[in-house]
Amino acid sequence: MKLSRRSILAASAAAAGTATMGRAAPAQNAARFSLGFAPHEGSFASRGNRLEQIAYAADQGFTAWEDNEAAGRTIADQNAMARALRQRGMTMGVFVASMPRWADFRPVLGGNDDGDRQAFLRDVRASIDVAKRLDVKWMTVVTGFLDRRLPVEIQTGRIIDTMRRAAEIVEPHGLVMVMEPLNTIVNHPGVFLQTIPQGFAVARGVDSPAVKVLADLYHEQIQAGNLINTLGACWDEIGYIQFGDNPGRKEPGTGEVNFQNVVRWLRARKYAGVIGMEHGNSIEGRAGEERLIAAYRAIDAA
């Protein structure tokens, strides 16, 4: 039988389709996570650059994204990231509004020198344009380091005053600064804000919807533990949540925190915000990325 050119092309296309079906391919357009888990650049490093990682995360069902370093990126990069997130229907989570100088143990917002406070407030003002470009509501702030020569009560009062001034800057724009308590035992010796309850006290002192607490459960587990009771007691002042297991600061299931119970508790509270995946992967490469996704599928099903 003589075959037409059209028949030959159709047969070739069918054969190509069969060959493609025989190869394993990454899942595309997977079911969306029911909670707002937010990966970050590096979570899916094998998939390409930042924008390619965002696209891959969206295809795996993630609905949010974080970028601590966003304020330091070029305007072009910020716009490109915002556009990529809008195209995939993803929510932008936190970025750091005023990056601490970790090696210098600065700023000291509760000290006698007003210079650090003024620089912090300048960073907060500059962050407004960043937040607008990224279409983001929350920004992380670190309330600096302790001055060991001064009573902590004096420093607390000065930090409350500083955060009130910062709130006056961002509140008219509908933005929320979330203060992050950090552990002093493993990662950040000498920081002022060390626990969620301490953040609660500062937020109550500021008394503004523009100042809340970032509950990073990795840091809190190290510093104090008692996570669910602490979340419950401080819930009115918690504006944002981040996950990371301990020890190791990797994905849920690699350490001691029962994230399934935490998720059940958050569902009972009807939490609908972003949950930052503020941790690394326990295994390098694509195997680690697949394990990361599986870990979040498991707790999302809780």
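None of the figures in this text is laboratory data; all of them are computed from the coordinates on show. Please read these numbers as outputs of a predicted model, since none were measured by experiment. As a convention, Cβ positions derive from the backbone with ideal geometry for all residues, glycine included, and neighbour counts pool all protein chains shown.
Values for this structure:
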{"item": "Cα long-axis angle, helix 75-87 against the chain (0 to 90 degrees, to the nearest 10)", "result": "60 degrees"}
{"item": "Computed label-point distance, nm, for sites Asn49 and Arg122 using a 7 Å Cα→Cβ extension", "result": "3.1 nm"}
{"item": "Protection proxy ranking of 280-287, 56-63 - average other beta-carbon atoms within 10 Å, highest first", "result": "56-63, 280-287"}
{"item": "Within straight-line cross-link reach of Lys250, aspartates and glutamates at Cα separation under 14 Å, skipping those fewer than 8 residues along the same chain", "result": "Asp216, Glu278, Glu284, Glu289, Glu290"}
{"item": "Helix 196-206 axis, angle to the chain major axis (alpha carbon atoms, nearest 10°)", "result": "60 degrees"}
{"item": "Rh by Kirkwood over Cα pairs, then Stokes-Einstein D for the chain at 1.306 mPa s and 10 °C, µm²/s", "result": "76 µm²/s"}
{"item": "On Cα atoms only, tilt of 50-59 relative to the major axis of the chain in degrees", "result": "70 degrees"}
{"item": "Arg101-Asn258 FRET efficiency (beta carbon distance; Förster radius 35 Å; 0.05 resolution)", "result": "0.45"}
{"item": "The stretch 56-205: relative contact order as a whole-number percent, Cα under 8 Å and 6+ apart", "result": "22 percent"}
{"item": "Cβ charges +1 (Lys, Arg) and -1 (Asp, Glu), total dipole of the stretch 216-302, debye", "result": "320 debye"}
